[in-house]
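A short write-up of the structure that comes next.
The values are calculated or read from the model by the stated rules, or taken from the named source; none is laboratory data. Computed from a predicted structure; not experimentally measured. We place every Cβ from the backbone using ideal geometry, glycine too, and count neighbours over all the protein chains shown. Protein only, heavy atoms only, side chains kept; ligands, DNA and RNA dropped before computing areas. Shrake-Rupley method; radii C 1.70, N 1.55, O 1.52, S 1.80 Å.
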Amino acid sequence: MATLGVNIDHVATVRQARRTIEPDPVWAAALAELGGAEVITVHLREDRRHIQDRDVRVLKQTVQVKLNLEMAAEQSITDFALEIKPQQATLVPEKRQEVTTEGGLDVVGNLDRVRRCVDQLHAQGIIVSLFIDPAEKQIEATKTLGCAAVELHTGKYADATSDAAQRTELEQLQRAGRFTRECGLLLHFGHGLTYRNVQPVAAIPGAGELNIGHSIVARAIMVGFTQAVREMRELIITAK
Ligand code: PXP
């Protein structure tokens, strides 16, 4: 059955808007766990626009479920990850100008750079997942690097503007999901998933972790964090 990874970056986004101490993503992580989150996810960006080093350090000590650190395959962030040792690292592409992560990591085109990072993380016993587009060549390259998992980018599915286009993108995710499992990799999904579009993805055979941030934080402002997480988890476990 699919599990829920709650991305708490945007709690930190609100805090950084005033460069103050609240709201604290560490509190949000605890509330997310109370709501049933199986994974807590944070993205430590090179520009530190939301999550800060301190957040990751404290979360490593306080989170009782899996901590998943999203990060670029850059040496300075890799050094930080090696020091903190989250249970899992998800490598993502990163551009300073982007509003959010755009497109998956081009593993094929950056094989040596990604390998250098992956090998260092593996040496510390950190599970590595690569955030990639749902394309066979990227999945194969991930397998070549010995990673345990892929996180398939659901952005195109989420952004589809017609039912037909959404169905096409879902079919692509289903095909890539099947290929991922045939390669023996764990199957994660993420990006742009909401209360309205999550169920067909959660129902893909073999779906594991679904990493969801913006939609949960948006609802949490209205109904509270624990409740927002509980509602998303209910949708995931009842998806068919
Ligand atoms: N997965 C990855 C790899 C991401 O980069 C993000 C965005 O930070 C998410 C999941 C969560 O996306 P969203 O905030 O749209 O739910």
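How many residues, within region 221-240, are among the polar types (S, T, N, Q), open to solvent by less than 40 Å² (accessible area, probe 1.4 Å) and not in a helix (DSSP H, G or I)?
Of the residues in region 221-240, 0 are among the polar types (S, T, N, Q), open to solvent by less than 40 Å² (accessible area, probe 1.4 Å) and not in a helix (DSSP H, G or I).
Can LEU170 be described as more than 25 Å from VAL11 (Cβ to Cβ), in contact with a Lys or Arg (Cβ under 8 Å, 6 or more places away or on another chain) and in contact (Cβ under 8 Å) with a residue 24 or more places away in the chain?
no
Are there any helices (runs of 4 or more DSSP H) wholly within region 130-200 with 2 or more residues that are of a type in the set (A, V, I, L, M, F, W, C), and if so which?
Qualifying helices (runs of 4 or more DSSP H): 136-144, 163-182.
Take the residues of region 201-220 that are over 13 Å from MET1 (Cα atoms) and surrounded by fewer than 18 Cβ atoms within 10 Å (Cβ to Cβ): which is farthest from the ligand (Cβ to nearest atom)?
Per the criteria, the residue is ALA218.
Matching residues to (1) among the hydrophobic types (A, V, I, L, M, F, W, C); (2) under 27 Å from ALA202 (Cβ atoms); (3) over 17 Å from the mean Cα position of the chain (by Cα):
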site: ILE21; (1), (2), (3): yes, no, yes
site: GLY35; (1), (2), (3): no, yes, yes
site: GLU46; (1), (2), (3): no, no, no
site: GLN64; (1), (2), (3): no, yes, yes
site: ALA73; (1), (2), (3): yes, no, no
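Step by step: first the residues of region 11-32, then only those that are of a type outside the set (Gly, Ala, Ser) and within 20 Å of ALA89 (Cβ to Cβ), then the one that is farthest from the ligand (Cβ to nearest atom). Which residue is that?
Filtering region 11-32 for residues that are of a type outside the set (Gly, Ala, Ser) and within 20 Å of ALA89 (Cβ to Cβ), the one farthest from the ligand (Cβ to nearest atom) comes out as VAL26.
Tell me, yes or no, whether region 186-199 has at least one residue that is more than 15 Å from the ligand (Cβ to nearest atom), of a type in the set (D, E, K, R), open to solvent by 10 Å² or more (accessible area, probe 1.4 Å) and more than 24 Å from VAL42 (Cβ to Cβ).
no
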